[in-house]
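The values are calculated or read from the model by the stated rules, or taken from the named source; none is laboratory data. Note that the structure is predicted; figures quoted are calculated from it, not measured. A quick note on method: Cβ atoms are made from the backbone with ideal geometry, for glycine too, and the neighbour counts reach across all protein chains shown.
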Amino acid sequence: MNIKVAICVSEAVPFAKTGGLADVAGALPAALKKTGITPVVLMPGYGHIFERFKGIEKVNERISLSMNREYTEEFGLYRIFHRGVYFYFVKNDKFFARDNLYGTSLGDYSDNDIRFGFFARAVFKVLEELDYIPHIIHLHDYHFALSALLLKDIKSRKEQSAFRRTKTVFTIHNIAYQGIYERDILSTLGIDNNYFNIDGLEFYGKVNYMKAGIVYSDKITTVSPTYAREILTPGYGYGLDSVLKAREDDLSGIINGIDYQVWNPERDCQIAANYSMDDFSGKRKCKRHLLSKLFDGNIDFQSPVIGMVSRLSYQKGLDLIAETIDLIMENDLYLIILGTGDEQYQKILMHQEKKHGKRFSLTLGYSDKMSHEIYAGADIFIMPSRYEPCGLGQLISLKYGTVPLTRNTGGLSDTIVNIDTEEDIEKGGTGFLFKEYDSLEFYRKVKKALELFSNKKLWEKIILNGMSQDFSWEYSANEYKRLYENMIG
């Protein structure tokens, strides 16, 4: 059976990216296509997409969408063929021709409620325009979660709707970001107030878009099995744990993959030298290049290098780093951090760079090339996350022979085989996990990693264990295919 899937997402590589969601949305459609699924991708037509990408085709320049009885919006529909899949862009410059996707450093855009509510409605208009009636509409994160409710509403009002057999999957990438807005957005979007109740959209007197996805979708997934269990608890559910608990039988965790066409040290053109499991001498060249690029003077190329590529935020464990950085820098090592985020953590790290500048390098912002160089040139990659739904950094670092050191949570638990003893290495250990969210426990794990780094033979075994792991999208795509088949079977 040719299963048709419409993937609705707010960002996708290479067209728009703020985080890991874009990496998933950029790679998953092509992986699904290889399994026999027929996917299309629907996403906002951000202004920069039309400026940067050639080959975008016009489908329809002017489509009218009734938001409610008195309010109509127009949009253009465009497409591009990328990696065997059509990506469709909904172009409405009032909503999407902006410098950023979701907001500025001062906060989210004040009209995100209507921006993404508009897109949630536009999904069905687009599919009708394309005469593409999918078996599954796959919604990612809160931005388009309202589409699940709108589909239910369409079916209830039109028994012969073209979408009468279409079902929805809602994937939670990060439950902390929910899209919580004032109640009056319902009238703007033409949504009946009957849906505003404790069993529907209502959330402490406001409208919660993510809750709509959880309540009204046919199936719910998240991006790792451990995170699927964690979000059922008050500590990780961010107020929606009881709602998820009621849908527990429809909730599953499917681990994300990574795109080995992009992340592969054997053919990565952004690193100083290529290398593989059979010969990782090129990794030593990458380390020399990275250190020479960032530090002056007498560099000790034998010292361990700890790297981090991350948002500098509360979620990512920056408070643990802030509390232990003086202890960490007492060791004979180099620390390299690339990222941007909360101003308080940026200031702390800038101060520490001045203090430990000979061995600590901080680069604020994001550089794709430098991220590749850190993954290839570092010895240890740290992710002391408070929570981590899946995590891509540890998957990339494993492929690049850079040993991950992370907290034992979410997808980090599912993808790293912990090392406490030398025996763990012989059993296939790939990295270092610490359990409690505690700065001293984090530092003790750093010390353990440094201790084992001094044993070259053992360290090379850890590297080989990690590089032999396979977290390609093939496994994940087949898991989604099985889910789709069960839903329509």
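Determine, yes or no, whether Thr430 is within 21 Å of the chain's Cα centre (by Cα) and under 27 Å from Met370 (Cβ atoms).
no
Of everything in the range 304-318, what is touching a residue at least 40 places away in the same chain (Cβ under 8 Å), under 15 Å from Arg407 (Cα atoms) and not aromatic (Phe, Trp, Tyr)? Give them in sequence order.
Answer for the range 304-318, where residues must be touching a residue at least 40 places away in the same chain (Cβ under 8 Å), under 15 Å from Arg407 (Cα atoms) and not aromatic (Phe, Trp, Tyr): Met308, Ser310, Gln315, Lys316, Gly317.
Residues in the range 129-141: is at least one under 30 Å from Gly410 (Cβ atoms), among the charged types (D, E, K, R), under 26 Å from the mean Cα position of the chain (by Cα) and at pLDDT 95 or above?
Within the range 129-141, one or more residues are under 30 Å from Gly410 (Cβ atoms), among the charged types (D, E, K, R), under 26 Å from the mean Cα position of the chain (by Cα) and at pLDDT 95 or above.
For the range 2-15, which residues satisfy the criterion of being surrounded by fewer than 22 Cβ atoms within 10 Å (Cβ to Cβ) and either modelled with pLDDT under 95 or of a type outside the set (A, V, I, L, M, F, W, C) (or both)?
Asn2, Lys4, Val13, Pro14
Restricting the range 263-294 to residues that are hydrophobic (A, V, I, L, M, F, W, C) and out of contact with any Lys or Arg (no Cβ under 7 Å at 6 or more places or on another chain), which is farthest from Leu362 (Cα to Cα)?
Met277
Does Gly429 satisfy being surrounded by 14 or more Cβ atoms within 10 Å (Cβ to Cβ), out of contact with any strand residue (DSSP E or B) (no Cβ under 9 Å at 6 or more places or on another chain) and either without any contact (Cβ under 8 Å) to a residue 24 or more places away in the chain or not aliphatic (A, V, I, L, M) (or both)?
Criteria not met by Gly429.
Quick one: in the range 442-475, which of the residues that are modelled with pLDDT of 95 or more and hydroxyl-bearing (Ser, Thr, Tyr) is nearest to the chain's Cα centre (by Cα)?
Here the answer is Ser468.
Out of all the residues in the range 213-242, which are in contact with a strand residue (DSSP E or B) (Cβ under 9 Å, 6 or more places away or on another chain) and either over 30 Å from Gln469 (Cα atoms) or small (Gly, Ala, Ser) (or both)?
Gly213, Ile214, Tyr216, Ser217, Asp218, Ser224, Ala228, Gly239, Leu240 - these are the residues of the range 213-242 that are in contact with a strand residue (DSSP E or B) (Cβ under 9 Å, 6 or more places away or on another chain) and either over 30 Å from Gln469 (Cα atoms) or small (Gly, Ala, Ser) (or both).
State whether the residues of the range 39-52 include one that is modelled with pLDDT under 95, at negative phi and of a type in the set (Ser, Thr, Tyr).
Within the range 39-52 (the criterion being modelled with pLDDT under 95, at negative phi and of a type in the set (Ser, Thr, Tyr)), the answer is no, since none of the residues qualifies.
Find all pairs meeting these conditions: Cβ atoms under 8 angstrom apart; at least six residues apart or on different chains; first residue within the range 48-67 and in the same structural domain as Ile114 (by TED's automatic domain parsing) and without any contact (Cβ under 8 Å) to a residue 40 or more places away in the chain; second residue charged (D, E, K, R) and buried (at least 16 other Cβ atoms within 10 Å of the Cβ).
Listed pairs, sorted by first residue: Ile56/Arg79; Glu57/Arg79; Ser64/Glu73.
Considering the range 430-471 alone, what residues qualify as being assigned to a loop (DSSP other than H, G, I, E, B), closer than 21 Å to Asp278 by Cβ and among the small types (Gly, Ala, Ser)?
Ser468
So, of the residues in the range 165-178 that are within 25 Å of Leu65 (Cα to Cα) and among the hydroxyl-bearing types (Ser, Thr, Tyr), which turns out to be surrounded by the most Cβ atoms within 10 Å (Cβ to Cβ)?
For the range 165-178, the residue satisfying everything is Thr168.
Only helices (runs of 4 or more DSSP H) wholly contained in the range 89-178 count here; list those with 3 or more residues that are in contact (Cβ under 8 Å) with a residue 24 or more places away in the chain and more than 21 Å from Asn60 (Cβ to Cβ).
112-130, 146-157
Which is surrounded by fewer than 20 Cβ atoms within 10 Å (Cβ to Cβ) and closer than 18 Å to Phe442 by Cβ, of Tyr314, Tyr345?
After ruling out the rest, the residue left standing is Tyr314.
Based on this model, can you work out whether Ala212 counts as in contact (Cβ under 8 Å) with a residue 12 or more places away in the chain, under 29 Å from the mean Cα position of the chain (by Cα) and within 30 Å of Ile154 (Cα to Cα)?
Here the answer is yes, as Ala212 does meet what is asked.
If Leu320 meets every condition in (1) surrounded by fewer than 21 Cβ atoms within 10 Å (Cβ to Cβ); (2) out of contact with any Gly (no Cβ under 9 Å at 6 or more places or on another chain); (3) of a type outside the set (Val, Ile, Thr) apart from one, which number is that one?
Looking at each condition in turn, Leu320 falls short on (1).
Among what's in the range 73-87 and is closer than 14 Å to Asn60 by Cα and crowded, with 22+ Cβ neighbours inside 10 Å, pick the residue that is farthest from the chain's Cα centre (by Cα).
Phe75
For the range 142-180: of the residues being of a type in the set (Gly, Ala, Ser) and under 19 Å from Ile254 (Cα atoms), which is modelled with the highest pLDDT?
Among those that are of a type in the set (Gly, Ala, Ser) and under 19 Å from Ile254 (Cα atoms), it is Ala145.
Can you list residue pairs whose Cβ atoms sit under 6 Å apart, with the first residue in the range 28-46 being within 20 Å of Arg121 (Cα to Cα) and the second being assigned to a loop (DSSP other than H, G, I, E, B)? Count only pairs 6 or more apart in sequence or on different chains.
Every condition considered, the pairs that remain are Met43/Val9.
So, of the residues in the range 165-187 that are among the β-branched types (Val, Ile, Thr) and in contact with a helix residue (DSSP H, G or I) (Cβ under 6 Å, 6 or more places away or on another chain), which turns out to be farthest from Arg386 (Cα to Cα)?
That would be Ile185.
Taking the conditions exactly as written (hydroxyl-bearing (Ser, Thr, Tyr), more than 30 Å from Lys4 (Cα to Cα), touching a helix residue (DSSP H, G or I) at 6+ places or on another chain (Cβ under 9 Å) and part of a helix (DSSP H, G or I)), does Tyr480 satisfy them or not?
no
Out of everything in the range 179-205 that is free of Cβ contacts under 8 Å to residues at least 24 places away in the same chain and part of a helix (DSSP H, G or I), what residue ends up being surrounded by the fewest Cβ atoms within 10 Å (Cβ to Cβ)?
Going through the qualifying residues, I end up with Asn194.
Just to check your reading of the model, which residue among Phe119, Phe95, Phe170, Phe89 is over 27 Å from Val215 (Cβ atoms) and touching a strand residue (DSSP E or B) at 6+ places or on another chain (Cβ under 8 Å)?
Going through Phe119, Phe95, Phe170, Phe89 in turn, the sole match is Phe89.
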